[in-house]
Each structure stands twice: as structure tokens, then as C-alpha cells.
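S.K.: I'd like to ask you about the structure that follows.
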Amino acid sequence: MKILTPKPFYFDNGTNAILLLHSFSGTPNDMRLLGRFLERHNYSVYAPMFAGHGTSEPLDILQQGSPEKWWQQTQAAVQFLKDQQKTKVYVFGLSLGAIFATKALESIPEVVAGGVFGSPLYTHGYKGIKNAFLTYAKKVYSIQQNLTEVETDNKLRLVDSKIDAKLMEIRKTSNLVVENLAEIKRPYFIGQGTSDKLVDPKAASQVARDVKTSQLHLYNAGHVLTINQAHNQVASDVLNFLENN
């Protein structure tokens, strides 16, 4: 089975631009459907790849990536769109990306509006995220023919030994972002799946209470709203949000 190597993408098609930030075990591929949809509606769309992601080694995310690096990349991505002379810049993030999309709305003046899908803000237990990452790692290693069972087990043990510390870093960043939610005065889209197993679906309502400019959209779906059965409705709602903000 050949895996297509994920890459960042930039669709240049309009004076208004949308930055799309992917999740902890994801890549820009998870944003491509939404990106193409928005491109067809005359928006430019940029989806960078977070440090450590998009490789065939899940440990890279834990060893090369960090909230500091991912935040720097978010800032650089906004700057890239400004350099492309885009009139308006919007930022949306999925899961991990939601933390940085929200931070951008709190602290980067040039971002006019934005939002989140499956946001971990106010989610207290990261057990679901940890289990999902371990499942992802197992899947990646299982399709690498050159790994023996022992080597696979050793790698999974290494992932298991490092993931808690990385999730703790992410949670600290998330907590700081939560503290500043009331600072958001720009339109804020919240998309949340009601059967999300990775983050607490009820947390979205807490965020909506804190952000007075928020618009809460609930979907009868799981975590990855950009590609699961809700993706068409999500895309339509995001477009409507953009057209009105």
C-alpha cells in the first residue's frame, strides 16, 4: 500500500485568504476537501504542515514538534498571506490547529475572523487524544514492511513513553489560550461534532459562552469534521460565515 506523502498546499484564487491548520496526528490532507471547496468560491487557501508531521515516523511529531514551533509556524503563515497582498485573512483550525487558530484571533490584529473544528479548549482529559495517537502510530508502523514485530513494539513503547509530556505541553498552551478567550472581539466560528470521542463535545458551549462573538454549530458526527459525514454541511456553514464576516 503506497501512502501519498502529505504536503502543504496553497490555492491562490482570490483577494481574501483562509489559513487552515491541521490536527495533532493529521496533515494538510485533512483540510484539502474544505480548501478546494473554498477555492471554488473565490478564496485563496493556505494549509501549512506543522513541524514533525507528514512523515512515516510518528515519533517525529513528539520529537520535532512543539507548541512553540507550531505557534511560530502559524504566525509565519499569516505573514505569508499578508505578503501575498491578501485583503482579508481568516484562520481556522482542526483539533490541535484550533488552539493556534484561536490564539491567532486573540493576538494577531490582521486576522479578521476565524474559527475551530473539534476544539480541545476546555477538554480536561486528553486520554482520547492519546489513544487516537497510539492507534495512528500502530497503523503507520503496521504498513511499513521493513519493521519486525519486535521493532514495531519497541517503537510503540517509545511513543507511549513520550506522548504524555507532549500532551502536557499542548494542554499548558491550551490553558493560556482559554484564559484570553474573552479578548476575542472578532467573529468566531465553532464547529463541534456531538459524538466526538477525542474532545469533550460539551466544552464547545463553554467556549461559546466566553467568546461573545461566537457562532456555535453542532453536527451529528465525530471528531474530524473536515472529512467525516458532516464535511459538506461544515463547508457550507464556513462559506456562509465568511460571506457574512
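The values are calculated or read from the model by the stated rules, or taken from the named source; none is laboratory data. Not measured: the values here are computed from a predicted model. Cβ sites come from the backbone with ideal geometry, for glycine too, and all protein chains shown count toward neighbours. Ligands, DNA and RNA are excluded from the accessible area calculation, which covers all protein heavy atoms including side chains. Shrake-Rupley method; radii C 1.70, N 1.55, O 1.52, S 1.80 Å.
S.K.: Restricting to the range 169-200, and then to whatever is within 17 Å of His124 (Cβ to Cβ) and of a type in the set (D, E, K, R), can you tell me which residue is most open to solvent (accessible area, probe 1.4 Å)?
M.R.: Within the range 169-200, the match that is most open to solvent (accessible area, probe 1.4 Å) is Lys197.
S.K.: When you look at Ala203, is it surrounded by 13 or more Cβ atoms within 10 Å (Cβ to Cβ), in contact with a Leu (Cβ under 8 Å, 6 or more places away or on another chain) and touching a residue at least 60 places away in the same chain (Cβ under 8 Å), yes or no?
M.R.: yes
S.K.: Output the number of the condition that Asn228 fails; it satisfies all remaining conditions of (1) under 17 Å from His22 (Cβ atoms); (2) in a strand (DSSP E or B); (3) polar (S, T, N, Q).
M.R.: It is condition (2) that Asn228 fails.
S.K.: Six or more apart or on different chains, Cβ atoms under 6 Å: show the pairs whose first residue is in the range 121-136 and charged (D, E, K, R) and whose second is open to solvent by less than 20 Å² (accessible area, probe 1.4 Å).
M.R.: Within 6 Å, the pairs are Lys130/Ile163.
Residue-by-condition table, conditions (1) in contact with a Ser or Thr (Cβ under 7 Å, 6 or more places away or on another chain); (2) of a type in the set (A, V, I, L, M, F, W, C); (3) assigned to a helix (DSSP H, G or I); (4) surrounded by fewer than 20 Cβ atoms within 10 Å (Cβ to Cβ):
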{"residue": "Ala98", "(1), (2), (3), (4)": "yes, yes, yes, no"}
{"residue": "Leu105", "(1), (2), (3), (4)": "no, yes, yes, no"}
{"residue": "Pro109", "(1), (2), (3), (4)": "no, no, no, yes"}
{"residue": "Ala113", "(1), (2), (3), (4)": "no, yes, no, no"}
{"residue": "Leu121", "(1), (2), (3), (4)": "yes, yes, no, no"}
{"residue": "His124", "(1), (2), (3), (4)": "no, no, no, yes"}
{"residue": "Ile129", "(1), (2), (3), (4)": "no, yes, yes, no"}
{"residue": "Gln144", "(1), (2), (3), (4)": "yes, no, no, yes"}
{"residue": "Lys155", "(1), (2), (3), (4)": "no, no, yes, yes"}
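S.K.: Only residues that are among the basic types (Lys, Arg) and touching a residue at least 12 places away in the same chain (Cβ under 8 Å): list them for the range 1-39, please.
M.R.: Once the filter is applied, which keeps residues that are among the basic types (Lys, Arg) and touching a residue at least 12 places away in the same chain (Cβ under 8 Å), the range 1-39 yields Lys7, Arg32, Arg36.
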